[in-house]
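Read through the structure below, which is laid out as structure tokens, and then see the notes.
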Amino acid sequence: MNDRAVDIAIIGAGTAGMAAYRKARERTDRLALIEGGEYGTTCARVGCMPSKLLIAAAETAHHVGRASVFGIAVDDGGWRVDGPAVMERVRRERDRFVAGVLKGVDSIPEDQRI
């Protein structure tokens, strides 16, 4: 373990941690951003963001299933949920968001990342 003297230590490189880091950089260069896992925020990788995208897909399927109530015919064969396509969208959106976070992490000097 290396000892390091810093003015500010930020724990967690999620969205809030990255915002705190940017604000702290306005005051000092003697800081450390501490992350115990992968960069890219737990929320975006496996938490709220994928969950919300899946919920949005489910809500859309629900609305399509009730389209006839509003006089809208989907088609004669009905409709179906393409699970692999739903998951592809979830992964694509997750990866796009995480890539932006990782770009921000890459801009942080390596000696300020723990």
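Remarks
- Every condition in (1) assigned to a helix (DSSP H, G or I); (2) surrounded by 14 or more Cβ atoms within 10 Å (Cβ to Cβ) holds for Arg91 except the one numbered (2).
- Qualifying residue in region 58-80 (condition: open to solvent by less than 40 Å² (accessible area, probe 1.4 Å), among the β-branched types (Val, Ile, Thr) and assigned to a loop (DSSP other than H, G, I, E, B)): no
- First in region 1-13 and basic (Lys, Arg), second anywhere and part of a strand (DSSP E or B), Cβ under 8 Å, 6 or more apart: Arg4/Ala32
- Residue list for region 21-46, restricted to those being open to solvent by less than 40 Å² (accessible area, probe 1.4 Å) and either of a type in the set (Gly, Ala, Ser) or within 11 Å of Val101 (Cα to Cα) (or both): Ala24, Ala32, Gly40, Thr41, Ala44
- Any hit, region 36-52, residues being farther than 20 Å from Glu88 by Cα and assigned to a strand (DSSP E or B): no
The values are calculated or read from the model by the stated rules, or taken from the named source; none is laboratory data. Bear in mind that the values here come from a model prediction, so they are computed numbers and not experimental data. Reconstructed Cβ throughout: ideal geometry from the backbone, glycine too, with neighbour counts over all protein chains shown. For the accessible areas, the whole protein counts, side chains as well, though only heavy atoms, and no ligand, DNA or RNA atoms are used. Shrake-Rupley method; radii C 1.70, N 1.55, O 1.52, S 1.80 Å.
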